[in-house]
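A.B. asks: Quick one: this structure, given as structure tokens, is what I'll be asking you about.
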Amino acid sequence: MEVKKQAKKMRDALQQFVYKIINPLIHCMIKIGITPNMVTTIGFLGNVAGACVLVYAGIHADTDPYKLIGWAGGIIFISSLFDMMDGQVARLGNMTSTFGAMYDSVLDRYSELVTLGGICFCLIGHGYLIGAVITFAALIGSLMVSYVRARAEGLGLECKIGFMQRPERVVLTSLGLLICGVTATCATNLQFDAMLILIVPMGFIAIFANVTAFARIEYSRRQLMKNKMRN
């Protein structure tokens, strides 16, 4: 329990540090009339663009995919910053809304679908079938983490436990792509397959996202039992 508290404190501190850096930009965006939903949409379109680059790399299987993988990682990493900006624009600009929260959550799910789907397609195109299966398992886990939380909240429970939440998944995915592309492009004689730099983070997400989903199911079950006993 103490470890979880420390991890949450570190995560919150990092988030506040990032906010201090981006807040001047946020204020400029508010002044020129940019709304939270616009920011959310831009982030989603960026993820779609990154996924399209990965699909292109998968279609052209006879070419070196690593430059394209690196570019996709950079695009997705930059797009992920908009996931933090939209909420901050809403808070600082006093533009929070129920629809905005729903819109953000829905596009977050679409972003993960297209990103991980693009990685699957790229890996299949270059013959990494096991890597594609691992990425598909990561996709399932990512969706189920969010789905279990949504169902729990629909039952009146707060369910935010678990390690592999969206920020961790986005960081692992985007950095895995970026480092894979840069390493394979810049290194002259690697002693291992550079695609492992991408597949290994997908494996972490596949394992820990699904563990988090089941942990949330068990947590919700216990909370519902406690509520039933109280009543």
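A.B. asks: Relative contact order of the chain, please, whole-number percent, based on alpha carbon pairs below 8 angstrom and at least 6 residues apart. Present the calculation step by step, with values, prior to reporting the outcome.
C.D. replies: Working: 282 pairs, mean separation 54.5, N = 231.
Averaging sequence separation for qualifying contacts and normalising by length gives 24 percent for the chain.
A.B. asks: Excluding residues fewer than 8 places away in the same chain, name every one of the aspartates and glutamates whose C-alpha is closer than 12 Å to that of Lys226.
C.D. replies: Partners within reach: none.
A.B. asks: If you take every residue apart from Thr40 with its C-beta less than 15 Å away from the C-beta of Thr40, what net charge results, scoring Lys and Arg +1 and Asp and Glu -1? Before the final figure, lay out the partial values.
C.D. replies: Working: positive: Arg91, Arg109, Arg166; negative: Asp83, Asp86, Asp104, Asp108, Glu112.
Taking every Cβ under 15 Å from that of Thr40, the sum is -2.
A.B. asks: If I compute solvent accessible area with a 1.4 Å probe over the protein chains, what percent of it on the chain is carbon and sulfur? Please list the in-between numbers first.
C.D. replies: Details: 9200 of 13250 Å².
The nonpolar share, carbon plus sulfur, comes to 69 percent.
A.B. asks: Which percent of the Cα-Cα distances in the chain go past 32 Å? Don't skip to the answer; put the middle values down first.
C.D. replies: On the way: 6792 of 26565 pairs.
Result: 26 percent of Cα pairs exceed 32 Å.
A.B. asks: When the chain is fully extended, how far beyond the present Cα-Cα distance does Asn189 get from Ile140, taking 0.36 nm per residue of separation?
C.D. replies: Values: separation 49, 0.36 × 49 = 17.64 nm, distance 3.50 nm.
Full extension of this stretch gives 14.1 nm more.
A.B. asks: Sticking with this one: For a Förster distance of 45 Å, can you work out the FRET efficiency between the beta-carbons of Glu218 and His27, rounded to the nearest 0.05?
C.D. replies: Working: r = 43 Å, r/R0 = 0.95.
Computed FRET efficiency for Glu218 and His27: 0.60.
A.B. asks: Let me ask another. Can you tell me which of Gln16, Gln88, Gln191 moves the most in a GNM of the chain? Springs connect C-alpha atoms under 10 Å apart.
C.D. replies: Evaluated over the chain, the most mobile residue of the options is Gln191.
A.B. asks: Can you give the convex hull volume per residue for the Cα atoms of region 14-105, as a whole number of Å³?
C.D. replies: On the way: hull volume 9.7 nm³, N = 92.
Per-residue hull volume (Cα only) is 106 Å³.
A.B. asks: Further, regarding this structure: Which value in deg cm²/dmol, rounded to the nearest 500, describes the helix-derived mean residue ellipticity at 222 nm for the chain, given -39,500 (n - 2.57) per DSSP H run of n ≥ 4 and division by the residue count? Please list the in-between numbers first.
C.D. replies: Working: 7 runs with 191 residues, N = 231.
Dividing the helical sum by the residues of the chain leaves -29500 deg cm²/dmol.
A.B. asks: How many percent of the alpha carbon pairs in region 172-212 exceed a separation of 16 Å?
C.D. replies: Working: 305 of 820 pairs.
So the pairs more than 16 Å apart make up 37 percent of the total in region 172-212.
A.B. asks: While we're here: In whole Hz and in residue order, list the ³J(HN,Hα) couplings for region 212-229 that follow from phi through the Karplus curve 6.51 cos²θ - 1.76 cosθ + 1.60, θ = phi - 60°; x for Gly and Pro.
C.D. replies: Whole-Hz 3J(HN,Hα) from phi for region 212-229: 4, 4, 5, 5, 5, 4, 5, 4, 5, 4, 5, 5, 5, 5, 5, 5, 5, 5.
A.B. asks: Quick check for you: with a 1.4 Å probe and neighbouring chains kept, what is the accessible area per residue of the chain, in Å²?
C.D. replies: 57 Å²
The values are calculated or read from the model by the stated rules, or taken from the named source; none is laboratory data. Nothing here was measured: the structure is a model prediction, and the numbers come from that model. With ideal geometry, Cβ positions are generated from the backbone for all residues, glycine too; neighbour counts draw on all protein chains shown. SASA here: full protein model, heavy atoms, side chains in, ligands and nucleic acids out. Shrake-Rupley method; radii C 1.70, N 1.55, O 1.52, S 1.80 Å.
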